[in-house]
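For reference, the structure is listed below as structure tokens.
Every number in this text was worked out from the coordinates using simple rules, so none of it is lab data. Remember, it's a predicted structure, so these values are computed and weren't measured experimentally. Reconstructed Cβ throughout: ideal geometry from the backbone, glycine too, with neighbour counts over all protein chains shown.
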Amino acid sequence: IFFRYLVFISMAPKGVVHLLVLLLHVTFSGASYPKWPSMVSLLGTMVVSATMVTGRQVWRLEGGHKGRVRCVAWSPDGSKIASGSEDLTVHMWDVQTGTSLYTLYGHHKRIRGLDFSPDGSELVTIADDHHVNFWKTSDGTLLRSYPGHSKYWSIDWSPDGTLIALGVNNGQVHLMDPKTGDKVGILRGKHYLEVMAVRFSSDSKLVGSAGKDSMACVWNVTDPANGWAVHHLGQYDGPVNTIAFSPDGTLFGFGGMEGDTLPIYSVETGAMETIIDGHYGTLDLSWNPRGDVIAHGGMQNLVWLSKSKFVKNRGWDHSRDVESGLRGHDKSIEALAYSPDGTQLVSASGDKTLKIWNVETGAVVKTLAAKTVLISEHPRENDEDEL
């Protein structure tokens, strides 16, 4: 006689309960089977299992995301990784151990973006609740929260620490003072749909923006109140989901989920320098600190490393070593970030996990994910549990 069932109970922040009871497998003969197990708790994410042989066990998922991981950032000192998810939470991870140091609860809708301050002391986050939150990275304390009147889609903190760029659903890019929350500039007139990504150049003088309207733009923000478009490029094949500058600030590239190319342009002239092609559905790209490798990934569930280096007066040297891509995720690659020393890369995925990769070997160093922890066990009590 054998009977097995699972009860999955999850509870979102602020007490909103999502209850799913799934009877996976029932096999029995005769009239003997155990009673329905009691529901021990409605806190966190629970798994209750029971069998005729072992009795009942209660498990909990801890230390990871329960939804799609939308954004990721590596701390300037290389010791931490921050990730944001559709489960409304932000996790701060210890790179050495691969464990979640703490979870940030404060947004009421899915997390859209995040970034560290240049000195690593603060983390800024945005979500669909229109709030911009600032957190102390040492212990997760909420320092400041600024409500916005618009929905923010993307965010980046300038390398010099003086500005935060916010991509807005109305096609604008807002420039914020991180200390006061004041809006010190608005970049407008080039995008007419959501700004999916924003990124500063290494000298903090330029902002790149990627639009759902198939446009990419580069803005001069040396005078934030009077920022102006240096380059306005389009039409791309579908929405532009990501944009990034090379570390030396001479190049920028962008891509999107409906295109199969990554065009690379000169910042100085606005002319196209090369195209990385053959990879459909790019959701994010990131240049390594040396500037000789571009990591990109998206709808193919793979992380690609394109080793294409631009050498002055000699053109492009195309030598992509990793033709098959880095395999390990089961769903789309949502976001990428290099470690400060460039030896590792972290990827965030729709499969609810993050992976840290050794970029030299392509091996997975660590997987950052929720872990199942046994919290209680109830042995079967002979005939008393039978009907």
Practice task
Taking H placed 1.01 Å from N in the peptide plane, check which residues at least 5 places from Val365 or on another chain put their amide H under 5 Å from its amide H.
Solution key: Ile356, Trp357, Asn358
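Quick check: net charge around Ala229, other residues with Cβ under 13 Å of its Cβ, Lys/Arg +1 and Asp/Glu -1?
Details: positive: Arg188, Lys190; negative: none.
Surrounding charge for Ala229 is +2.
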Practice task
Please go through the residue pairs Lys331/Lys352; Lys212/Lys352; Lys212/Lys307; Lys212/Lys355; Lys136/Lys366 and name each one whose alpha carbons sit more than 19 Å apart in this structure.
Solution key: Lys212/Lys352; Lys212/Lys307; Lys212/Lys355; Lys136/Lys366
Practice task
Decide, for region 83-126, between rounded, prolate and oblate: order the square roots of the alpha carbon gyration tensor eigenvalues as a ≥ b ≥ c, take rounded if a/c falls under 1.5, and otherwise choose prolate if a/b is larger than b/c, else oblate.
Solution key: oblate
Practice task
For Val184, enumerate residues with amide H under 5 Å from its amide H, sequence gap 5+ or separate chain, H modeled in the peptide plane.
Solution key: Leu175, Met176, Asp177
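Please give the net charge around Val267, taking every other residue with its beta carbon less than 11 angstrom from that of Val267, where Lys and Arg add +1 and Asp and Glu add -1.
Details: positive: Lys205; negative: Asp203, Asp248, Glu268, Glu273.
Taking every Cβ under 11 Å from that of Val267, the sum is -3.
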